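The values are calculated or read from the model by the stated rules, or taken from the named source; none is laboratory data. Fair warning: this is a prediction, and the values are worked out from it, not measured in the lab. All Cβ positions, glycine included, derive from the backbone under ideal geometry; neighbour counts span all protein chains shown. Accessible surface areas use protein heavy atoms only, side chains included; no ligands, DNA or RNA. Shrake-Rupley method; radii C 1.70, N 1.55, O 1.52, S 1.80 Å.
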Amino acid sequence: MSPPVFLTETASLEGDHVVLGGAEGRHAATVKRLRPGERVDLTDGAGLLAECVVVTADRAALTLDVLARHRRPVPEPRLVVVQALPKGDRGELAVETMTEVGVDEIVPWAAARCVTQWRPERREKALGRWRATAREAAKQARRDRLPEVADLAATAAVARRLERADAALVLHEEAGEPLSAVRPPSTGEIVVVVGPEGGITGDELAAFTAAGARAVRLGPTVLRTSTAGVAAASVLLAATGRW
């Protein structure tokens, strides 16, 4: 079985011994019940991973010896999914699954037809849930780089992001070109837009195509917005050779 992964600061991974405290240390000691001699991997979430062994454990922290360090290169190309806000807890489901497959950045998008809208007074709390979900899913998936969860974006901001992308794609059920036919670049940034349950409006699609995006379809069926992102990411990760 693979050793569990915990997050810590970069500086703490530079020495031969690490004290894992705080919330991560308490979780490791009291929930995971890790004991001396057990293997643990620590990461800073930015590509540095340390293979460690537990030396001592108490109720609030672990002390570990570092056995080896690995610094992973930044994945190429970078994959960004612009996710329209799903209803209920399906937003966290979308974040969780996209994190698991390897998406590098998730941009929550307030599309016109979103059933859910993050009101100003609740925006930070909702965004915090997405970021916490990404953090925990990254640990579960043994990722050494945490995905970025960007601030909530309006349609104009999404269009600007598409304009800067090396490859810009919009999932649309009426598109003539399948996503599987796209030949993505080997470097740079790919941005793919996932619309809401009610679909992307004509104005939104026009803004995105004017910014240089290509409309593509996933397949013959219509997926929920919370699952379309992970399906598209899987196709693109395979096409780029990252899978």
Reachable aspartates and glutamates, given that their alpha-carbon falls under 15 Å from the alpha-carbon of LYS32 and they are not under 8 places away in the same chain: GLU24, ASP41, ASP58, GLU136
Dipole of the range 1-134, positive direction: furthest Cα of CYS114, LEU79, ALA57, with charges on the beta-carbon: CYS114
For the range 3-14, 3J(HN,Hα) per residue [Karplus equation, 6.51 cos²θ - 1.76 cosθ + 1.60, θ = phi - 60°, Hz, x = Gly/Pro]: x, x, 10, 10, 9, 8, 6, 4, 4, 6, 8, 7
Selected from PRO184, GLN140, VAL170, residue furthest toward positive end of dipole (the range 105-237; charges at beta carbon): GLN140
Distance (nanometres) between label positions extended 7 Å along Cα→Cβ at ALA175 and LYS87: 2.5 nm
Net charge dipole size for the range 92-147 [Lys, Arg +1 and Asp, Glu -1 on Cβ; Debye, nearest 20]: 180 debye
Alpha carbon convex hull of the chain, volume per residue in cubic angstrom: 135 Å³
Potential extension, THR209-GLU136 segment - 0.36 nm per residue separation minus Cα distance: 22.8 nm
Cβ-derived FRET efficiency at R0 25 Å, ALA23 paired with MET1, nearest 0.05: 0.60
Computed helical MRE - 222 nm, the chain, DSSP H runs ≥ 4 contributing -39500 (n - 2.57), nearest 500: -9000 deg cm²/dmol
Accessible area (Å², 1.4 Å probe, nearest 10) - SER186: 90 Å²
Fully extended contour minus Cα-Cα distance, from SER234 to THR187, at 0.36 nm per residue: 15.2 nm
Where a label projected 7 Å from the Cα of ASP16 along Cα→Cβ would reach, residues of the range 29-73 with amide N under 18 Å: 37, 50-56, 63-70
The chain, dipole about Cα centre (Lys/Arg Cβ +1, Asp/Glu Cβ -1), debye to the nearest 20: 400 debye
Residues of the range 190-229 with amide N under 19 Å of a point placed 7 Å along Cα→Cβ from GLU148: 190-194
Residues VAL31 and ARG113, FRET efficiency given R0 of 51 Å [Cβ-Cβ distance, rounded to 0.05]: 0.80
Size of charge dipole - the range 1-132 - debye, nearest 20, with Cβ of Lys, Arg +1 and Asp, Glu -1, no other charges: 660 debye
Against the rule of thumb 2.2 N^0.38 Å, how large the Cα Rg of the range 184-243 comes out: 1.20
